[in-house]
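These notes are about the structure you will find just below.
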Amino acid sequence: MSRRSRRQFDARPVENSTLIYIQKFLSEFSPYPETRAVLVNQATDEIFKGAIGNLGKIKGAPAFIAFVGNIDDPNIQEKVGYLGEGVILEATASNLATCWVGGFFRPEIASLLAGAGKKERVLAVTPIGYTREGLSFEEKIMAGFGRNHQRKPLAELVSGLEETNWPGGVKKALEAARLAPSAVNRQPWRFEVQADNITVAVDNLNDSYNISKRLDCGIAMLHIEVAALDSMMKGQWEFLEPPEVARFIFTEGFEPGARLDAPR
Ligand SMILES: Cc1cc2nc3c(=O)[nH]c(=O)nc-3n(C[C@H](O)[C@H](O)[C@H](O)COP(=O)(O)O)c2cc1C
């Protein structure tokens with residue numbers, strides 16, 4: 001499955017069966033009780049802002065999903081990233097176009113429409129709907145004519161065990177994490193591989209555009225876990241203090257002994 005951020009929609013409403021499916025998914029996919037995703041089936045151009053004037057503004061989406069979190073939770077950013085990316089990938093699989101929007105939207109309006117409580121904040125939203133086949137000229141500008149889609153090679157992102165000693169499944173998990181979307185494509189995640197775990201950390205503590213890098217890391221966490229599952233590998237996340245974000249400790253489906261004992 002491939003996904004790209006889309007910013008210009010044709011006004012066609014989301015098909016009823018798809019709305020029902022997504023609504024059901026939102027009620028079932030609840031990885032953390034401090035987070036929730038709310039579907040607002042309403043044309044909502046006014047919640048989006050342009051990057052420069054109206055340029056880059058999300059246009060024509062018939063509906064959006066708000067990613068909401070309890071701001072008292074110290075790990076809320078990564079938890080919302082994880083939840084939101086699960087939702088975005090599911091929407092993509094349902095043939096909907098999406099775009100994570102963490103900066104250029106109006107949180108007051110989004111909160112109102114999503115019915116956010118006192119302790120809750122809408123950390124990001126995604127428009128959902130249908131688009132034309134190719135990118136529009138404006139979308140091409142926003143995508144930096146492809147630049148904003150390029151990803152860093154794993155060699156720049158990973159430390160810890162030599163690749164030859166990685167447990168099976170780790171390479172695929174990290175390749176999936178590398179391809180995750182991030183705000184302004186900054187790819188702030190760094191990974192450390194050990195015999196029975198992968199640690200996700202941010203490159204530094206300087207957030208930009210008022211969007212937490214921990215949110216991006218939550219997105220990468222979801223990619224790691226989904227790809228690991230695809231290799232029949234399961235694990236559990238443990239949250240960590242900054243600059244680290246979380247550690248995925250493998251619990252099933254990995255063979256650390258086989259690799260660690262391998263002749264050097
Ligand atoms: C947390 C987050 C916030 C984002 N905020 C915005 C935004 O405010 N406006 C926008 O046009 N794109 C936004 N994006 C989309 C990114 O620019 C885009 O994901 C990135 O350039 C990679 O491109 P791709 O999604 O097509 O792979 C955001 C992405 C993430 C993950």
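Where a number appears in this text, it was derived from the coordinates with a stated rule and is not lab data. Nothing here was measured: the structure is a model prediction, and the numbers come from that model. Note that each Cβ is placed from the backbone with ideal geometry, even for glycine, and that neighbours are counted across all protein chains shown.
Taking only the alpha carbons of the chain, we obtain Rg and Dmax values of 18.7, 61 Å in that order. A Stokes-Einstein calculation at 37 °C with viscosity 0.692 mPa s, built on the Kirkwood radius of region 45-96 over Cα pairs, returns a diffusion coefficient of 251 µm²/s. Evaluated on region 154-260, the Kirkwood hydrodynamic radius is 13.7 Å, with distances taken between all distinct Cα atoms. Is there a pair in 59/118; 24/118; 152/213; 57/140 whose C-alpha atoms are over 21 Å apart, and which pairs would that be? Exceeds cut-off: 59/118; 24/118.
Equivalent-ellipsoid semi-axes for region 192-231 (Cα gyration tensor, √(5λ), whole Å, largest first): 23, 13, 4. With contacts taken as Cα pairs under 8 Å at a separation of at least 6 residues, the chain carries a relative contact order of 19 percent. Treating each Cα of region 16-141 as one equal point scatterer and applying the Debye formula with no solvent, the log10 of I(q)/I(0) at q = 0.11, 0.18 Å⁻¹ comes out as -0.36, -0.96. Work out the FRET efficiency for residue 249 and residue 17 from their Cβ-Cβ distance, taking R0 = 51 Å, and round it to the nearest 0.05. FRET efficiency, residue 249 to residue 17: 0.85. Among the helices of the chain, those built from whole DSSP H runs whose Cα atoms reach 15 Å or more along their own axis and whose mean Kyte-Doolittle hydropathy is at least 0.0 are 16-28, 76-93, 213-230.
Take the Cα of residue 204, step 7 Å toward its Cβ, do the same at residue 164, and the gap between the two points is 3.5 nm. Within region 116-219, the GluC sites (Glu not before Pro) that combine a DSSP coil assignment with at most 15 other C-beta atoms in a 10 angstrom radius are 133, 162.
Distance from the alpha carbon centroid of region 113-180 to that of region 24-63 works out to 17 angstrom.
The ranking of 251, 199, 126 from fewest to most other beta carbons within 10 Å of each one's beta carbon is 251, 199, 126. The fewest-to-most ranking of 21, 32 by surrounding Cβ atoms within 10 Å reads 21, 32.
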